[in-house]
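Engineer: Please read through the structure below; I'll follow up with questions.
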Amino acid sequence: MLRLTKDRKRKYFSTGYSCFPEQWQEDSEIGGRFKAGFSNYRNHNKALTKLYWRAEEMLSELQAQGNDWTLRDFQEKFVGIKAIDFFTFLNEKISQLREIGKIGNAQVYTDTKNAVSRFHTTKHLSFREIDYNFLNRFEHFLRKGDCKDTTISIYMRTIRALFNKAIKEKRCKANLYPFREYQINQLDHSTRKRALSKSDIDKLFAIEPDPNTTQLLSKHLFMFSFYNMGMNFHDIVRLKWSDVKGERITYQRAKTKKQFSIRILAPVQEILDFYRHHGRSDGFVFPILNKNYTDAEKEKQRVKSALKTFNKHLKIFSQKAGIDGKVTSYAFRHSWATILKRMGVSTAIISEGLGHANESVTQIYLDSFENEVLDEVNKKLLDK
């Protein structure tokens, strides 16, 4: 073995040779060598010497860069990258995400692992095996299982993210990266638009909730979302009274960590006043979470359950209002953006309100509106 010691830590590297103690003699130059009685000892000793001085050369290169190198740096230089098993690496990342409270991302990684496991039924899977053909066959497998393009895209993007992390951490060789050939954008289709017109919004707001259920809470939640620049459901339920300061609501969006400060409009103030009077004194504005949800996993499940109830109530409201199509929590975010666009507000300002990184993301929200305008213009060709 070749032994390297640094900062009182030792690491051993196999030379690929072995012998009995009586076939080995100590040597001051490289630590030791095979005795004359060992088979083919001359060639083997030459190979050991060559290996030793190769290690010395690599050690000198690392030392020339400073003293902050590690035993792992030497290992990567001397042995090369030892590729990690895909499932092992995936499990590592899932554990790390759970440790820092990113339960949603951890679930996406877990769902991807389960999908790949259903396709690749053996216990181990190397990164080398995940090539262009593997991804194509995996896609075909998912389609046979009635997976939608959006779901397939999420799985593929997660696999791509894992490749990028593994390469960056030197756990996988860069030349194994399969996404230069396999293109994920072939799966990306514009999501069916969920924006409602202003008249549809007014119809929803006019519906009287069933007093024997939690429909009033659901109505307050979607009104709150619409009048606060399409605030996301997950951010609303986590909102605390400490975020309500004077005439403004100040909060950090969970998904992007971006800070928002929104002036409180009259309908929002009415909702806040209602929950100040009827709500709980545990710090949260809305009675969904409380201080007992200290575990991130349990909090995630509670929010998921509340969202399911919310969307169920939305379905009831939209049916009563005579609105066609499926209405979900995202409708109010899309609707806020689209209605303002119809009123002549610039895409740049709407993008800022939504917290998007750039206007191209905002345009996804507005494409259906733009298409509708173009359709109306095109119809003028039939005018006489």
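Only the coordinates and a few stated rules stand behind these numbers; no lab work does. Just so it is clear, the structure is predicted and the values come from calculations on it, not from any experiment. Cβ coordinates were reconstructed from backbone atoms using ideal geometry, including for glycine residues, and neighbour counts include every protein chain displayed.
Engineer: Applying 1/(1 + (r/R0)^6) with R0 = 25 Å to the Cβ-Cβ distance of ALA174 and SER18, what FRET efficiency is obtained, to the nearest 0.05?
Structural biologist: 0.15
Engineer: Also: Which of the lysines could a cross-linker bridge to LYS144, judged by Cα under 25 Å and excluding same-chain residues fewer than eight apart?
Structural biologist: LYS113, LYS123
Engineer: Here's another thing I want to ask about it. Quote the FRET efficiency, to the nearest 0.05, computed for GLU181 versus ASN40 with a Förster distance R0 of 45 Å and r equal to the Cβ-Cβ distance.
Structural biologist: The computed FRET efficiency comes out at 0.50.
Engineer: Moving on. List the residues whose amide H sits under 5 Å from the amide H of LYS240, counting only those 5 or more places along or on another chain, with H placed 1.01 Å from N in the peptide plane.
Structural biologist: HN-HN under 5 Å from LYS240: VAL285.
Engineer: Report the rotationally averaged projected area of segment 2-78 based on its alpha-carbon convex hull, in square nanometres.
Structural biologist: 5.6
Engineer: For helix 359-379, what angle does its Cα long axis make with the longest principal axis of the chain, in degrees from 0 to 90 and rounded to 10?
Structural biologist: Compared with the principal axis, the helix lies near 50 degrees.
Engineer: Please check: in the Gaussian network model of the chain (C-alpha springs, under 10 Å), which one of TYR227, TYR52, TYR132 has the largest mean-square fluctuation.
Structural biologist: TYR52
Engineer: Using the beta-carbon distance between ILE100 and THR70 and R0 = 25 Å, what value does 1/(1 + (r/R0)^6) give for FRET efficiency, to the nearest 0.05?
Structural biologist: E(calc), rounded to 0.05, equals 0.60.
Engineer: What ³J(HN,Hα) values, in whole Hz, does the Karplus curve 6.51 cos²θ - 1.76 cosθ + 1.60 give for segment 211-219 when θ = phi - 60°, with x put for Gly and Pro?
Structural biologist: x, 8, 10, 8, 5, 4, 4, 4, 5
Engineer: Okay, next question. Positive end of the charge dipole of segment 201-299 (Lys, Arg +1 and Asp, Glu -1 on Cβ, about the Cα centre): tell me which of ASN290, ILE236, SER261 has its Cα farthest that way.
Structural biologist: Looking along the dipole axis, the top candidate is SER261.
Engineer: Can I ask one more? Restricting to lysines 8 or more places apart or on different chains, can you count the pairs in segment 2-78 with Cα atoms under 24 Å from each other?
Structural biologist: Lysine pairs meeting the criterion: 10.
Engineer: LYS326 to VAL345: extension gain in nm, 0.36 nm per residue of separation minus the Cα-Cα distance?
Structural biologist: Length gained, LYS326 through VAL345: 4.2 nm.
Engineer: Could you state the number of Å between the C-alpha centres of segment 75-142 and segment 208-226?
Structural biologist: Centre-to-centre (Cα) distance: 42 Å.
Engineer: As I understand it, the value is the acute angle between the Cα axis of helix 331-342 and the longest principal axis of the Cα atoms of the chain; what does it come to in degrees, rounded to 10?
Structural biologist: 70
Engineer: OK, next. Given Cβ point charges of +1 (Lys, Arg) and -1 (Asp, Glu) and nothing else, what value in debye, to the nearest 20, does the dipole of the chain about its Cα centre take?
Structural biologist: Charge dipole, the chain, about its Cα centre: 640 debye, nearest 20.
Engineer: Where does the charge balance sit around SER225 when Lys and Arg score +1, Asp and Glu -1, over other residues with C-beta under 10 Å from its C-beta?
Structural biologist: Residues close to SER225 contribute a combined charge of 0.
Engineer: While we're looking at this one, here's another question. Whole-Hz Karplus ³J(HN,Hα) for segment 122-127, in order, using 6.51 cos²θ - 1.76 cosθ + 1.60 and θ = phi - 60°, x for Gly and Pro?
Structural biologist: After applying 6.51 cos²θ - 1.76 cosθ + 1.60, I find 7, 5, 10, 8, 8, 4 Hz.
Engineer: Give me the one-decimal nm value for the distance between modelled label points at GLN252 and GLU352, 7 Å along each residue's Cα-to-Cβ direction.
Structural biologist: 2.3
Engineer: Send over the Kirkwood Rh of segment 86-187, from the inverse of the averaged 1/r over different Cα pairs, rounded to one decimal Å.
Structural biologist: 13.9 Å is the Kirkwood radius here.
Engineer: Checking the cross-link filter: which aspartates and glutamates have an alpha carbon closer than 17 Å to that of LYS93, excluding same-chain neighbours under 8 positions apart?
Structural biologist: Within the straight-line limit of under 17 Å, LYS93 reaches these aspartates and glutamates: ASP85, ASP111, GLU169, GLU297.
Engineer: Let me ask something additional. Please compute the length gained on full extension between ASP295 and ASP202, using 0.36 nm multiplied by the number of residues separating them and subtracting their Cα-Cα distance.
Structural biologist: Extending this stretch completely gives an extra 29.6 nm.
Engineer: Once the convex hull of the C-alpha atoms of the chain is built, how many Å³ does it hold per residue, rounded to a whole number?
Structural biologist: 256
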